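The values are calculated or read from the model by the stated rules, or taken from the named source; none is laboratory data. Since the model is a prediction, treat every value here as computed from it, not as a measurement. Because the Cβ atoms are built from the backbone with ideal geometry, glycine has one as well, and the counts that use them run over all protein chains shown.
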Amino acid sequence: METFWKTIASYNSSTWICQIVIVLVAVILTVWLLRKRSRAIVVGMKLFLIALYVWIALVYYYVYCSERSYNSIMVIFWLVLAVSWLWDMVSGYTTFERDGRYTKLALVLLCMPFLYPVASILRGMSFPAITSPVMPCSVVVFTIGLQLMFSRKVNLFIVLLLCHWSMIGLSKTLFYNIPEDYIMTMASVPAVYLFVRDYFLSGIHTMTKPQVKYMRWLLAALCVGVCLILVWTLYLEFARGIL
């Protein structure tokens, strides 16, 4: 637990200016998408998401979380997500078109990353050892909110990976004393329901890429692999703390 919060403090104290810039870019691009969606803005948002996921993989996990025993698998996981957004940008699959069904819920989710530092401060923590809007869990909540806001056509592979991540996050709430992660889990549960419901009831699955039969095996293999590796590394971390 001490290592966990030490790495967060080091990350925040060294990158807080960059985090402010990232947040501002995210807000500007989201507002642009809401007010006047265009091909250039859609591509810009996808480029931003690719860069954001690479930032989480390399800057957050590879550089500042190198002391954690499970950082390598997390680097791979977030790079896979970054590559998924790259494929999405090249294929033009996610269109970021609104259908207006989930606007209120999406707005709540888009604002939730700002609740992370507030939650940390309310429970007696102080900067830099607090959760911030540019950390893995807050990025997951932002992306899910973005997908719900523009839910006419979404990349289900990315959505399910993010929701899978949020389920994994439950293991950290007690182990690392980070109850802020309940924010992410509470956000992902209704999102999973809505995305899966729309996927099966509206016939979206007929135009999903990759095809459903391949996506099922790919998601199953990836999710099982990540779970097994994460459970094992968390066990090693727990055993090391006891010893």
Notebook entry, point to check: Between residues in the range 88-104 that are modelled with pLDDT under 90 and residues that are exposed (fewer than 14 other Cβ atoms within 10 Å of the Cβ), which pairs lie under 8 Å by C-beta distance while being six or more apart or on different chains?
Noted result: none
Next item on the list: Could you list, in sequence order, all residues of the range 109-147 that are out of contact with any Pro (no Cβ under 9 Å at 6 or more places or on another chain), free of Cβ contacts under 8 Å to residues at least 40 places away in the same chain and either closer than 18 Å to residue 48 by Cα or part of a helix (DSSP H, G or I) (or both)?
Entry: 111, 118, 121, 122
Notebook entry, point to check: Among the candidates 45, 112, which residue alone is of a type outside the set (Ser, Thr, Tyr), modelled with pLDDT of 90 or more and surrounded by 20 or more Cβ atoms within 10 Å (Cβ to Cβ)?
Noted result: 45
Margin query: If I ask for residues that are of a type in the set (Gly, Ala, Ser) and crowded, with 16+ Cβ neighbours inside 10 Å, which ones from the range 72-86 would you list?
Written below: 82, 84
Note to self: Being more than 19 Å from the chain's Cα centre (by Cα), surrounded by 14 or more Cβ atoms within 10 Å (Cβ to Cβ) and either among the acidic types (Asp, Glu) or under 30 Å from residue 8 (Cβ atoms) (or both) is the filter here; which residues of the range 87-109 pass it?
What the structure shows: none
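Residues checked against (1) assigned to a helix (DSSP H, G or I); (2) under 24 Å from residue 68 (Cβ atoms); (3) of a type in the set (Ser, Thr, Tyr):
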position	(1), (2), (3)
5	yes, yes, no
10	yes, yes, yes
13	yes, yes, yes
21	yes, no, no
28	yes, no, no
44	yes, no, no
51	yes, yes, no
55	yes, yes, no
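Every residue, every condition in (1) in contact with a helix residue (DSSP H, G or I) (Cβ under 8 Å, 6 or more places away or on another chain); (2) at positive phi, yes or no:
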{"position": "36", "(1), (2)": "no, no"}
{"position": "86", "(1), (2)": "yes, no"}
{"position": "92", "(1), (2)": "no, yes"}
{"position": "114", "(1), (2)": "no, no"}
{"position": "137", "(1), (2)": "yes, no"}
Notebook entry, point to check: Is there any pair with a first residue in the range 14-28 that is touching a residue at least 40 places away in the same chain (Cβ under 8 Å) and within 18 Å of residue 53 (Cβ to Cβ) and a second that is assigned to a helix (DSSP H, G or I) and not aromatic (Phe, Trp, Tyr) whose Cβ atoms are under 7 Å apart and which are 6 or more apart or on different chains, and what are they?
Noted result: 15/59; 22/52
Checklist line | Flag if residue 106 is of a type in the set (A, V, I, L, M) and closer than 25 Å to residue 40 by Cβ | finding: yes
Next item on the list: Could you run through the range 8-42 and say how many residues are within 19 Å of the chain's Cα centre (by Cα), within 23 Å of residue 130 (Cα to Cα) and buried (at least 16 other Cβ atoms within 10 Å of the Cβ)?
Entry: 8
